[in-house]
Amino acid sequence: MTDRELLLEAIRATEKAYAPYSRFRVGAALLARSGTVYTGANIENASYGATVCAERTALWQAVLCGEKEFDTLAVAAVQADGTPIAAPPCGICRQTLSEFSDGSLRIIIGTPDGLRTFTLRDLLPEAFGL
């Protein structure tokens with residue numbers, strides 16, 4: 001799967017977001033080493049702390065299916081006015097992803113007009129670990 005194809009999966013996932021409060025829809029597509037793609041979308045809650053990000057919904061779905069090794073994560077976001085923007089994973093998502101990566105996980109952020117690629121280590125150079 002190409003980076004562009006994975007990003008398109010993330011863009012499609014934004015349509016499944018439940019974001020009645022922020023109206024900021026995020027989608028994620030996580031490519032496992034097995035070749036399977038797991039998607040996720042943000043799911044908000046009136047108790048904001050109970051909100052879950054798209055990246056973690058994709059990761060949890062993958063882990064529940066037995067996956068623990070991943071190659072690439074694509075993230076797409078759409079603002080309240082419908083404008084697509086490139087938005088990197090938040091800090092909690094970065095740390096959660098680090099549980100399943102040595103830092104080499106590729107992270108793609110972008111819009112239909114273009115994409116940028118990072119590694120998890122680029123975005124979280126000093127991940128916490130026990």
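What follows draws every value from the coordinates through simple rules; no lab data is involved. Here the structure is a predicted model, which is why all the values come from computation and not from measurement. Neighbour counts are summed over all protein chains in view; Cβ atoms, including those assigned to glycine, are modelled from backbone coordinates with ideal geometry.
Only residues that are of a type in the set (K, R) and in contact with a helix residue (DSSP H, G or I) (Cβ under 9 Å, 6 or more places away or on another chain): list them for region 25-43, please.
R25
Filter region 16-29 down to the residues that are out of contact with any Asp or Glu (no Cβ under 7 Å at 6 or more places or on another chain) and within 16 Å of A87 (Cβ to Cβ), then identify the one that is surrounded by the fewest Cβ atoms within 10 Å (Cβ to Cβ). Steps first, answer last, please.
Residues of region 16-29 out of contact with any Asp or Glu (no Cβ under 7 Å at 6 or more places or on another chain): 16-17, 23-27.
Cutting the leftovers down to within 16 Å of A87 (Cβ to Cβ) gives us 17, 23-27.
Values: A17: 22, R23: 13, F24: 16, R25: 23, V26: 27, G27: 28.
Here the residue is R23.
Take the residues of region 1-15 that are under 12 Å from the mean Cα position of the chain (by Cα) and of a type outside the set (D, E, K, R): which is surrounded by the fewest Cβ atoms within 10 Å (Cβ to Cβ)?
For region 1-15, the residue satisfying everything is I11.
Can you pull out the residues in region 57-108 that are touching a Ser or Thr at 6+ places or on another chain (Cβ under 8 Å), surrounded by fewer than 14 Cβ atoms within 10 Å (Cβ to Cβ) and either among the hydrophobic types (A, V, I, L, M, F, W, C) or closer than 13 Å to T14 by Cβ (or both)?
Hits for region 57-108 are C65, A80, I85.
What is the residue count in region 2-29 for residues that are in a loop (DSSP other than H, G, I, E, B) and either in contact with a Cys (Cβ under 6 Å, 6 or more places away or on another chain) or under 16 Å from G110 (Cα atoms) (or both)?
Of the residues in region 2-29, 2 are in a loop (DSSP other than H, G, I, E, B) and either in contact with a Cys (Cβ under 6 Å, 6 or more places away or on another chain) or under 16 Å from G110 (Cα atoms) (or both).
Mind checking which strands (runs of 3 or more DSSP E) fall wholly inside region 69-130 and carry at least 3 residues that are more than 13 Å from the chain's Cα centre (by Cα)?
In region 69-130, the matching strands (runs of 3 or more DSSP E) lie at 114-119.
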